[in-house]
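To start, the structure under review is shown below, and the notes come after it.
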Amino acid sequence: SFSAQTGGSKLEGKVALITGAASGIGKETATKFIANGAKVIITDIQKDLGQQTAHELGPNATFLPCDVSKESDISAAVDFTISKHGQLDIMYNNAGIACQTPPSIVDLDLAIFDRVMSINVRSVLAGIKHGARVMIPRQKGVILCTASVTGLIGGIAQHTYSISKSSVIGIVKSTASELCKHGIRVNCISPMAIPTPFVMEELNKYFPGVESEKLAKMVNDFGVLKGAVCETGDIANAAVYLASDDAKYVSGHNLVVDGGFTTMK
Ligand code: NAD
């Protein structure tokens, strides 16, 4: 359904690094970045799936294993990108995990908080730090992050996830204010629920035995916009826009892609 916008040259000659790109939003964004002329370093903690995704996407995609909870992995991925392509134009800090919390705050094990913060927040800080390290000397670049509508409105059993995603929005605004003087734009995208693997895994825990089709429909039914459901392609199109010169004066922004969902909360 996105064929009209699939091809183009909005990112011709650009080099992008995307975390958590073996599947879901990251994979779809890599696909659209490449369709728009970019070369993409796909990174993920899942090695086999990452290799497979890079193979599927063709010669302009290269896979590199990277666990975003380790600053050294992120730093190495940035250095790999420079040694392979000579530049980094777009750093997309997309990897993230679901909340994994019990329904009640009373039962929350705070070790879960530390884990979610390390993968959803510390990783984003590290990604911006190392992206900026190589972008500042060139006085240009684009940094993107994936936040969530949950960072804006919260939700049941979202204690740690919502904090993590609000933090992403805060980091984006703070770093955008510093990096603007170097010609670097920093933005994030807040998607609403899409039935990607981690969402489905999480739902399986709450609704054991329920078929995936039913669970996916449950996710899609959160949507309020008539005649459409939120797809990874919607997020990828937003990422292409923010990464391209179409958004050359957009920085420090949280682009909410939710079909109006949060306006009703
Ligand atoms: P996904 O499960 O399809 O993809 C997430 C990827 O991140 C996976 O390939 C996974 O292996 C990878 N990953 C997990 N931990 C990692 C780590 N430590 N290091 C490197 N990679 C790691 O899910 P998705 O929906 O595409 O998620 C991408 C981003 O979108 C996440 O930040 C998520 O929080 C955010 N998001 C998703 C939704 C949704 O409903 N799907 C909504 C709002 C925000």
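No value in this document is a laboratory result; all are computed from the given coordinates. Computed from a prediction, not measured in an experiment: that's the story for all the values here. No Cβ is skipped: glycine too gets one built from the backbone with ideal geometry, and neighbour counts run over all protein chains shown.
For this structure, a couple of remarks:
Here is a yes/no grid of residues against (1) within 10 Å of the ligand (Cβ to nearest atom); (2) of a type outside the set (S, T, N, Q); (3) over 13 Å from the mean Cα position of the chain (by Cα):
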| position | (1), (2), (3) |
| --- | --- |
| Ser190 | yes, no, no |
| Pro197 | yes, yes, yes |
| Tyr206 | no, yes, yes |
| Phe222 | yes, yes, yes |
| Gly227 | no, yes, yes |
| Cys230 | yes, yes, yes |
| Asp245 | no, yes, yes |
| Val257 | yes, yes, no |
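- Residue within region 178-190 that is surrounded by fewer than 19 Cβ atoms within 10 Å (Cβ to Cβ) and of a type in the set (A, V, I, L, M, F, W, C) present: yes
- Residues in region 27-43 that are out of contact with any strand residue (DSSP E or B) (no Cβ under 7 Å at 6 or more places or on another chain) and within 11 Å of the ligand (Cβ to nearest atom): Lys27, Glu28.
- Counted residues, region 163-191 - those being without any contact (Cβ under 8 Å) to a residue 24 or more places away in the chain and either among the hydroxyl-bearing types (Ser, Thr, Tyr) or in contact with a Lys or Arg (Cβ under 9 Å, 6 or more places away or on another chain) (or both): 2
- Taking region 97-149 as the range and being farther than 19 Å from Lys70 by Cβ and acidic (Asp, Glu) as the test, the residues that pass are Asp107, Asp109.
- Near pairs, Cβ below 9 angstrom, 6+ apart or cross-chain, from region 94-107 (small (Gly, Ala, Ser)) to any residue that is part of a loop (DSSP other than H, G, I, E, B) and away from the ligand (no atom under 16 Å from the Cβ): none
- Counted residues, region 61-93 - those being part of a loop (DSSP other than H, G, I, E, B), within 11 Å of the ligand (Cβ to nearest atom) and either touching a residue at least 12 places away in the same chain (Cβ under 8 Å) or surrounded by 20 or more Cβ atoms within 10 Å (Cβ to Cβ) (or both): 4
- Entirely in region 94-177, the helices (runs of 4 or more DSSP H) that have 1 or more residues that are away from the ligand (no atom under 14 Å from the Cβ): 110-117, 123-135
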